[in-house]
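Here the structure is laid out as structure tokens; the discussion comes afterwards.
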Amino acid sequence: QVRLVESGGGLVYTGGSLRLSCVVSGLLFGDYAAGWYRQAPGKSREVVAAISGRSEVTYVSNSVTGRFTISRNNTKKTVYLEINSLKPEDTAVYYCAADATYTKVKLGGVRYWGQGTQVTVSS
């Protein structure tokens, strides 16, 4: 059974930082691309960042570039999202995603999802 378990969300103030983690089990993690999506209230889910299986390729959405960084540790089967200079508009549920195809993580059509972790940014 494939499981993606996120952690690290919470309530922070504008300008603060968070590090989200997602532990993946049930698949050969290094063979899978991974990424982070977010969904704000009343909005559709959007991709935030993606990373290929061996970290050769990364992508960060233009809306968060310069503030968000994606990384992974295949030994720990974990993908991370470092979030800096948080803004109220970053408030959303953040979802971890994994797929054997990098372009599906980046563009949509992901096979595996986590349950999400709430990030709330207060001004």
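The values are calculated or read from the model by the stated rules, or taken from the named source; none is laboratory data. A quick note: this is a predicted structure, and the numbers were derived from the prediction, not measured. Every residue, glycine as well, gets a Cβ built from its backbone with ideal geometry; the counts of neighbours run over all protein chains shown. Accessible surface is based on the protein model in full, side chains and every heavy atom, while ligands, DNA and RNA are left aside. Shrake-Rupley method; radii C 1.70, N 1.55, O 1.52, S 1.80 Å.
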Before we move on, is ILE83 open to solvent by less than 60 Å² (accessible area, probe 1.4 Å) and either touching a helix residue (DSSP H, G or I) at 6+ places or on another chain (Cβ under 9 Å) or basic (Lys, Arg) (or both)? yes
Failed item, numbered, when VAL105 is tested on (1) assigned to a strand (DSSP E or B); (2) in contact with an Asp or Glu (Cβ under 8 Å, 6 or more places away or on another chain); (3) open to solvent by less than 20 Å² (accessible area, probe 1.4 Å): (1)
Has region 46-58 got at least one residue that is within 12 Å of the chain's Cα centre (by Cα) and of a type in the set (Lys, Arg)? no
Going through region 42-71 in order, the residues found to be open to solvent by 70 Å² or more (accessible area, probe 1.4 Å) and in a strand (DSSP E or B) are GLU46, THR58, THR69
Please go through region 14-41 and pick out each residue that is outside any strand (DSSP E or B) and either at pLDDT 95 or above or open to solvent by less than 20 Å² (accessible area, probe 1.4 Å) (or both). THR14, GLY15, GLY16, SER17, GLY26, LEU27, LEU28, PHE29, GLY30, ASP31, TYR32, ALA40
For region 59-70, pairs from a residue that is at pLDDT below 95 to a residue that is open to solvent by 30 Å² or more (accessible area, probe 1.4 Å), with Cβ under 8 Å and 6 or more apart or across chains, are SER63/GLU46
Only one of these conditions is not met by LEU11: (1) over 15 Å from the mean Cα position of the chain (by Cα); (2) at pLDDT 95 or above; (3) over 14 Å from THR117 (Cβ atoms). Which number is it? (3)
